[in-house]
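So the structure is just underneath, and the comments pick up after that.
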Amino acid sequence: GPDGRLDAMRALVAGVNASELRSVVVADDVLEALVDGLADPSPPVRFWSIQVLDHLDDVRAVAAIATCLDDPVPRVRRNAAHALGCVGC
């Protein structure tokens, strides 16, 4: 996108859409960075961290996303609930 979001996602985890992300395996330091993003003060960072973690096939991502169910921002909470409820998507 114009703000570099898609390029950043591709650089971080090698994919941006669900098909690409389902086949990605990230290094531990990348996973840790995404998990750290869940506690970032910026709601968009928290939202997009969930968005990427949602598609990774890693049980550690599920536990991390669950911490966002109490996020103060409704959009972030909804994204966390969606990510936890749609393991198949």
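Tabulated values for the structure
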{"quantity": "Rounded to whole Å, sorted largest first: equivalent-ellipsoid semi-axes of the range 25-89, Cα gyration tensor", "calculated": "17, 14, 8"}
{"quantity": "FRET efficiency, ASP58 to HIS82 (Cβ-Cβ, R0 25 Å, nearest 0.05)", "calculated": "0.90"}
{"quantity": "Net lengthening on full extension, ASP70/ASP29 (0.36 nm per residue, minus Cα-Cα)", "calculated": "12.3 nm"}
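We did not get these values from a lab; they are worked out from the coordinates using the rules stated. What you are looking at is a predicted structure, and each value in this text was computed from that prediction instead of being measured. We place every Cβ from the backbone using ideal geometry, glycine too, and count neighbours over all the protein chains shown.
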